[in-house]
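Worksheet: the structure to be examined is printed underneath.
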Amino acid sequence: MSHLIAPSLLSCDLSDIKSEILMLNKSKADWYHIDVMDGYFVPNITFGFPIIKSIKKYSKKPLDVHLMITNPSKYILDFKNAGADILTIHYEVENHLDRTVNKIKSNGMKAGVAINPHTPISYLENIINMIDIVCLMSVNPGFGGQKFIINTYKKITQLKNLILNNSSKTLIEIDGGVTLENKNKLLNLGADILVAGNTIFSNPDPNEIISKLKFN
Ligand code: DX5
Ligand code: ZN
């Protein structure tokens with residue numbers, strides 16, 4: 001499978017989100033990454049259900065919703081109804097990961113688990129075969145435009161080994177500080193999905209950057 005590109009809408013022009021979605025529909029982007037933050041788990045507040053519904057109205061591609069919220073299990077059905085296709089929850093906030101992952105899948109979405117930069121890969125050992133995606137946070141979650149944390153490279157290798165040793169089909173998503181400079185290294189180590197916000201939307205030609213992330 002060729003790798004996927006998921007532009008993070010956090011960094012797009014939110015005052016003109018319809019145009020941004022229409023532009024992305026024509027681009028080589030595969031998924032749209034939507035960062036939901038609650039001001040508790042992370043020190044920032046972003047999108048809620050009405051915004052996701054509005055994005056869904058125009059989107060021609062799957063919505064990859066990344067929940068940085070303290071109580072994800074309460075809202076699984078609401079995110080499904082808002083239009084999420086992939087729903088990722090954080091390891092650090094969920095006491096009943098097995099139950100919540102099953103709830104996501106039984107509601108017809110792909111299930112992802114995200115881990116913070118300090119969380120060891122070994123903690124995923126007992127759920128790796130249940131989940132569709134592991135989202136490796138390569139910055140501390142909360143904000144776009146941060147610097148990539150170098151230790152992530154080591155974690156990709158460890159995660160790839162865990163996946164191979166379990167004959168798992170789980171995809172590796174890298175979220176935070178992805179650039180045109182580090183993307184080849186990430187892909188060579190085994191990344192399947194690259195999330196990028198600042199790299200794409202700080203450029204006057206986001207389309208061109210998406211193509212470069214996808215093909216060069
Ligand atoms: C960080 C978010 C990321 C962020 C990535 O908490 O989860 O998805 O938007 O943005 P960049 O690519 O700018 O680091
Ligand atoms: Zn994210």
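What follows draws every value from the coordinates through simple rules; no lab data is involved. Just so you know, these numbers come straight off a predicted model, no measurement behind them. We place every Cβ from the backbone using ideal geometry, glycine too, and count neighbours over all the protein chains shown.
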For region 66-74, in order, what is each residue's ³J(HN,Hα) by Karplus, 6.51 cos²θ - 1.76 cosθ + 1.60 with θ = phi - 60°, in whole Hz (x at glycine and Pro)?
9, 8, 10, 10, 6, 10, x, 4, 5
Return the loop-located GluC sites (Glu not before Pro) in region 120-201 (DSSP other than H, G, I, E, B) with at most 10 other Cβ atoms within 10 Å of their own Cβ; answer none if there are none.
E181
When we measure straight from the Cα of K74, which aspartates and glutamates land under 15 angstrom away, once same-chain ones fewer than 8 places off are left out?
D38, E94, D98
Can you list residues from other chains, or at least 5 along the same chain, whose modelled amide H is less than 5 Å from the amide H of K28?
S211
Placing +1 at every Lys and Arg Cβ and -1 at every Asp and Glu Cβ, with all other atoms neutral, what dipole size does the chain have around its Cα centre, in debye to the nearest 20?
440
According to a simple spin-label model (label point 7 Å from Cα along Cα-to-Cβ), what is the distance in nm between E125 and Y153?
2.7
Fewest to most Cβ atoms within 10 Å: H90, H118, H3 sort as H118, H3, H90
For the chain, take every pair of Cα atoms, bin their distances at 10 Å starting from 0, and report each bin as a whole percent.
8, 37, 39, 14, 0
Could you give me the ³J(HN,Hα) list for region 142-150, computed from phi with Karplus coefficients 6.51, -1.76, 1.60 and θ = phi - 60°, whole Hz, x at Gly and Pro?
x, 8, x, x, 8, 7, 4, 8, 4
If the cut-off is a Cα-Cα distance under 21 Å, which lysines reach K183, setting aside same-chain residues fewer than 8 apart in sequence?
K28, K147, K154, K155, K160, K212, K214
